[in-house]
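Trainee: Sharing a structure, written as structure tokens. Questions coming.
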Amino acid sequence: MQIPAFKSVQIANEEQQRHMLKIGEVSKRSGIGIEALRFYEKSGLLDKPERTDSGYRMYDARVLERLAFIKQAQVLGFSLEEIKRIIDEKRAGQSPCAEVRELVRLRLQELDERMQQMQRYRQELAHTLAKWDETGEVQGHICGLIEGSNVEYSITQTKLLGKKK
């Protein structure tokens, strides 16, 4: 028995629609909030979804793979801007792997620098505490120990030094 052409198109459309997901279902399955999904769409991380006649977003089920990729890239330390560049490179038909390796190479260098800064800060803080333990109580406006300290690196400065854009 042969199915008429218009009937086979209708069946194909119905099958495709079964694999289409509304934004709420994408959110539920991916664990990513609806507002974040809208943001990802506006940012170009996700392709524009189809819309129903009433304006509902309808995502192809493959969007879940893209979202899993975005989550994994974030776990690895990539920013959303970097992830977008990687996705755009792939969309352009190129392999983003060389850029990914270079980004991770740079990230490792930054981590090494921050670890060295944190080690210097730790040593300086430990030295200061040892001096304070010898000194004991010191009068001051609030606490003479803090007011008289000469620590050069603070945790805030170290964090700021480590954040490069």
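The values are calculated or read from the model by the stated rules, or taken from the named source; none is laboratory data. The structure presented is a predicted model; accordingly, all values stated were derived computationally and were not measured. Backbone-built Cβ (ideal geometry, glycine too); neighbour counts: all protein chains shown. When the accessible area is computed, the model is the full protein with side chains, heavy atoms only, and any ligands, DNA or RNA have been set aside. Shrake-Rupley method; radii C 1.70, N 1.55, O 1.52, S 1.80 Å.
Trainee: Since residue 19 meets every condition but one in (1) touching a residue at least 40 places away in the same chain (Cβ under 8 Å); (2) surrounded by 12 or more Cβ atoms within 10 Å (Cβ to Cβ), which condition does it not meet?
Mentor: The one condition residue 19 does not meet is (2).
Trainee: Please return the ranges of helices (runs of 4 or more DSSP H) entirely within the range 27-112 where 3 or more residues are hydrophobic (A, V, I, L, M, F, W, C) and open to solvent by 40 Å² or more (accessible area, probe 1.4 Å).
Mentor: Details: elements: 34-43, 63-75, 80-91.
Passing ranges, in order: 63-75.
Trainee: Would you check which residues across the range 28-38 are in contact with a Leu (Cβ under 8 Å, 6 or more places away or on another chain) and farther than 14 Å from residue 56 by Cα and list them? Before you say what the answer is, go through the steps one by one.
Mentor: First pass over the range 28-38, keeping only residues in contact with a Leu (Cβ under 8 Å, 6 or more places away or on another chain): 29-30, 32, 37.
Within the range 28-38, 29, 30, 32 qualify.
Trainee: Within the range 126-147, identify whether any single residue is closer than 29 Å to residue 76 by Cβ and modelled with pLDDT of 90 or more, and answer yes or no.
Mentor: Residues of the range 126-147 that are closer than 29 Å to residue 76 by Cβ, as a first pass: none.
Within the range 126-147 (the criterion being closer than 29 Å to residue 76 by Cβ and modelled with pLDDT of 90 or more), the answer is no, since none of the residues qualifies.
Trainee: What do you reckon, is residue 118 open to solvent by less than 50 Å² (accessible area, probe 1.4 Å) and at pLDDT below 95? Talk me through it step by step, then tell me what you get.
Mentor: Numbers: open to solvent by less than 50 Å² (accessible area, probe 1.4 Å): no; at pLDDT below 95: yes.
So residue 118 fails the test.
Trainee: Assuming residue 121 fulfils every condition listed in (1) of a type in the set (Ser, Thr, Tyr); (2) in contact with a Ser or Thr (Cβ under 8 Å, 6 or more places away or on another chain); (3) within 30 Å of residue 39 (Cα to Cα) apart from one, which condition is it?
Mentor: So residue 121 meets the others, but not (3).
Trainee: Do we find a residue being in contact (Cβ under 8 Å) with a residue 12 or more places away in the chain and touching a His at 6+ places or on another chain (Cβ under 6 Å) anywhere in the range 42-55?
Mentor: no
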